[in-house]
1. May I ask you to work out the translational diffusion coefficient for the stretch 63-149 at 10 °C, viscosity 1.306 mPa s, via Stokes-Einstein with Rh from the Kirkwood sum over Cα pairs, reported in whole µm²/s?
2. If you roll a 1.4 angstrom probe over the protein chains with everything in place, what fraction of the accessible area of the stretch 1-97 belongs to carbon and sulfur, to the nearest %?
3. Per residue of the stretch 106-123, in order, report the coupling 6.51 cos²θ - 1.76 cosθ + 1.60 (Karplus, θ = phi - 60°) as ³J(HN,Hα) in whole Hz, putting x for Gly and Pro.
4. Choose one of Leu86, Gly112, Ile40: the residue whose Cα lies farthest towards the positive end of the charge dipole of the chain (beta-carbon charges +1 Lys, Arg; -1 Asp, Glu; about the Cα centre).
5. Placing +1 at every Lys and Arg Cβ and -1 at every Asp and Glu Cβ, with all other atoms neutral, what dipole size does the chain have around its Cα centre, in debye to the nearest 20?
6. Rounding to the nearest 10 and keeping the result within 0 to 90°, find how far the Cα-based axis of helix 3-18 lies from the longest principal axis of the chain.
7. If we count every other residue with Cβ under 13 angstrom of Ser55's Cβ, Lys/Arg +1 and Asp/Glu -1, where does the sum land?
8. So if R0 is 22 Å, what FRET efficiency would Asn120 and Ser21 give, r being the distance between their Cβ atoms, rounded to the nearest 0.05?
Amino acid sequence: MVVQEKLNALINEACKGAGVSLVECDMFQAGKRKTLRIYIDKPEGVTIDDCSNVSHALSDALDAEPDLIAGAYTLEVSSPGLDRPLKSVADFIRNKGRFIRVTRASGKPVTGKLLEADENSLTLTVKGNAGNVTIPRADVLVAKVDVQI
């Protein structure tokens, strides 16, 4: 198994064991150390315990496989945060039923409850609108969860 595939398998196993979904993972050099940053989520929201469980499980697995990450590294596990842009189909599907704010290529923002999402379009129920609005994904510049107070 290639190193990256093995690392991905350990990350996915740690997330599955904690009952969360992997949103994004990235490794980068930060000074003399590498940083492995993992974003996790679940429908009811991520808790500190969720992050801790994934961190401990993954840390133990990485300690057992010291050749996967050469040298010193920092492991960070957190929720994606409310201000993280929604990018992939999986991001949109995970946020079905939530309000999102979509800025379209025309610059005009649309806020509504996300009903459906696929590779081609998003369907929202817009406040004050009698029907649903379908936005082609190609027209989406930025989409983020919109916190309703």
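1. 108
2. Ligands and nucleic acids excluded, carbon and sulfur reach 52 percent.
3. Karplus-based 3J(HN,Hα) across the stretch 106-123 equals 6, x, 7, x, 10, 10, x, 7, 6, 9, 9, 8, 8, 5, 9, 7, 10, 10 Hz.
4. Sorting the options by dipole projection puts first Gly112.
5. So the magnitude is around 780 debye.
6. 70
7. My count for the surroundings of Ser55 gives -4.
8. Computed FRET efficiency for Asn120 and Ser21: 0.45.
The values are calculated or read from the model by the stated rules, or taken from the named source; none is laboratory data. Every value quoted in this text rests on a predicted model; they were computed, and no experiment measured them. When we count neighbours, we look across all protein chains shown, and the Cβ atoms used for this are built from the backbone with ideal geometry, even at glycine. When the accessible area is computed, the model is the full protein with side chains, heavy atoms only, and any ligands, DNA or RNA have been set aside. Shrake-Rupley method; radii C 1.70, N 1.55, O 1.52, S 1.80 Å.
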